[in-house]
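Each remark here refers to the structure printed beneath this line.
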Amino acid sequence: MNIELQCCALFIVFTIFVMFMREKKLDLMNRKLFFHALCACFGCLIFDILSVILINLAVHQGFSPIITSIVCKLYIMLLTLQGFCGYVYASTSLLPVDKTWAKVVKTLSYVIFIAGEILMFVLPIGYEAYDRVVYSYGPSTSVAYVLSAVYIISTILTTIAYRKQMPGRRLVAMLLWQGIWLLAAAIQFVAPQLLLMGFASAFGMVILYIQLENPSEYIDASTGLFTINALSAYVHDRYKFGKRFAMFTAKIHFISNGVDYNIEQDAIIRTARALVALGPEPAFRIDDDTFCVLYDDKERMYERASNIKMQKDGVNDIPAKGTYLLVPDSLLMNGPDEFFRFLHTYLESDAEIVEADKELVEKLREQNRVKELIDEALSEDRVEVFYQPFYNVRESCFDVAEALVRIRQKNGELVPPGVFIPVAEKSGQIIPLGIRVFEKVCEFLSKGEAIKYGLRQVEVNISAAQFDYENPARFVLEYLDEYGVEPGCINLEITETAAARNKDFMLRSMNKLIEEGISFSLDDFGTGRSNIDYFVNMPIKIIKFDHSFTKGFFNNVKIKHVMTGMIDIFHKMNMEIVVEGIEIEDQVGVMKDMGVEFIQGFYYSKPIPENELLAFLRDRNNIVS
């Protein structure tokens, strides 16, 4: 009998079935649908083998034709069910669940399937067997072939239509699975003696299991917990199908940077075991030292979170502390993207326990809106530069100005820098913003009007993020050359925070720019808890005292003594001093008496746009046009 391939395929599917049932698995819709397809394939192969046996017995030994016909019909009905399961497996993960047309398509597919199954059962079927050729035929079989072809083609078309929504590996696996099955059906239709359908379907199950349902990428090898990929799939699945959940996340913070590797690993393994012992809910390792557990309801989450915190508080042999993030209701966020954005943002909080609520989520949404605002401003050229002039005490003129970034909304209003600067620094948008500001400064200086009115130099802020950029010197030199600006017209301001990061890399970049004629100043001195080494060994000519430090000078005796002493030290090091935040005339007199070189503040001018700066310089420097 011609059942060798079917028996081989049955063994393959049985092996996959055993492996699938034994593995640690998540409650994902795709895995449920894969299991349904696997069961349909297994049943189809059994009835395929049984139908071949009974057809041979019926034709050659007079076995009951009624039972044989029923078994043949059950085989083709299961064959159609397998095709339908394949279509459901593909379409459920791709079609939107909230669209009316998608619901209509889903309902229609079920109606067609049920109607087809009924037709196959009631329509007549015939069968034939000679030599090694065994097959069934008739109206019932024709319906099966047509419906199977419809499901296969529908699956292929759906996969292609939504190919941009799936990773390349999934796209290839789905197309291979259905393509091989379609090819086998065509061959078997032309040559009935080649019973390839069963083997092709089993081969397709192998492809799906290895490429899409293989658990290896979902399991962390060292802890046995689920991985970040598994968490992503699980969260997307829960949001897509409207399943509410709660989440408890724990992050290990080692108190000392010099913790032994074995101690770290011991802490990680102990944490993993403690999470597994909490109950049957899925536990994930989402970073080297970060873990989470997802629950169906918040009461269970609170109970288990309290338990794990109690265990952690009882650990005193590991130099570490725990921080915890609780999400009592996933519906606080509007989808997986916002959920993971929230997770990424608030896991870095300094608080020991952070619990998600409407206020925190709205704060995150506001940050995202600001990010979008910055992107739009960059793409639509609504980034502007305002300038705040410095008073040169020795020369009694205004010959330096600081360039400050501003963003103008579409309605013409300016966005306060305190709103978008912190977001830009966290998101990395400070890099393109800084580059845009520098270009606009070069364009402004290239016109020559500001220089004509006495402006000698513009100070431009360089953020810590820009010093992490692959080549911070490149854009500076390129724009100076493009706009024909003398390097001496530019002074780059770095913050104490920037000075503390990537010091060696920063020094190389600074020295390269200094060789070209650009100077540097240390901005916001007094706010970064600086080590004196940061500015003693930096090639800096100017120190800028932060406005908060300057205000403290007039209100705090200790700060006054510190600032007085530091000014004296800096002058002995041949550095010049800029004081920020000067707002009244009495403060100006005190700073002049202390011998500072430059005074910056609202007493002289707030930050102003280009045209107002030109008018200011012309009037205050007594330049006749």
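The values are calculated or read from the model by the stated rules, or taken from the named source; none is laboratory data. Small disclaimer: the values here were computed from a predicted structure and weren't measured. Cβ coordinates were reconstructed from backbone atoms using ideal geometry, including for glycine residues, and neighbour counts include every protein chain displayed. For the accessible areas, the whole protein counts, side chains as well, though only heavy atoms, and no ligand, DNA or RNA atoms are used. Shrake-Rupley method; radii C 1.70, N 1.55, O 1.52, S 1.80 Å.
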request  = Could you check residue 236 against (1) modelled with pLDDT under 90; (2) in a helix (DSSP H, G or I); (3) open to solvent by 60 Å² or more (accessible area, probe 1.4 Å) and say which number it fails?
outcome  = (1)
note = Scanning the stretch 25-63 for residues that are open to solvent by 40 Å² or more (accessible area, probe 1.4 Å) and of a type outside the set (A, V, I, L, M) gives 25, 27, 32, 35, 36, 39, 42, 47, 60, 61, 62, 63
message = For the list (1) assigned to a loop (DSSP other than H, G, I, E, B); (2) among the acidic types (Asp, Glu); (3) within 27 Å of the chain's Cα centre (by Cα), I need the number of the one condition that residue 395 fails.
response = (3)
request  = Provide a single number: the residues in the stretch 10-24 that are within 32 Å of the chain's Cα centre (by Cα) and open to solvent by less than 60 Å² (accessible area, probe 1.4 Å).
outcome  = 2
task = State whether the residues of the stretch 65-74 include one that is within 21 Å of residue 149 (Cα to Cα), buried (at least 23 other Cβ atoms within 10 Å of the Cβ) and touching a residue at least 40 places away in the same chain (Cβ under 8 Å).
result = yes
query = Mind checking whether some residue in the stretch 595-611 is under 22 Å from residue 550 (Cβ atoms), touching an Asp or Glu at 6+ places or on another chain (Cβ under 8 Å), open to solvent by 30 Å² or more (accessible area, probe 1.4 Å) and not charged (D, E, K, R)?
reply = yes
task = Go through the stretch 506-540 and count every residue that is assigned to a loop (DSSP other than H, G, I, E, B), of a type in the set (D, E, K, R) and either more than 19 Å from residue 579 (Cα to Cα) or modelled with pLDDT of 75 or more (or both).
result = 1
query = Of the residues that sit in the stretch 98-122 and are open to solvent by 90 Å² or more (accessible area, probe 1.4 Å) and among the charged types (D, E, K, R), which one is nearest to residue 83 (Cα to Cα)?
reply = 106
ask   = Do you know which residues across the stretch 438-457 are open to solvent by 10 Å² or more (accessible area, probe 1.4 Å) and farther than 21 Å from residue 541 by Cβ?
value = 439, 440, 443, 446, 447, 448, 449, 452, 453
ask   = What tally of residues in the stretch 269-297 results from selecting those that are open to solvent by 20 Å² or more (accessible area, probe 1.4 Å) and under 20 Å from the mean Cα position of the chain (by Cα)?
value = 5
ask   = Looking at (1) touching a strand residue (DSSP E or B) at 6+ places or on another chain (Cβ under 6 Å); (2) farther than 24 Å from residue 184 by Cβ; (3) not aliphatic (A, V, I, L, M), which is the one condition that is false for residue 72?
value = (2)
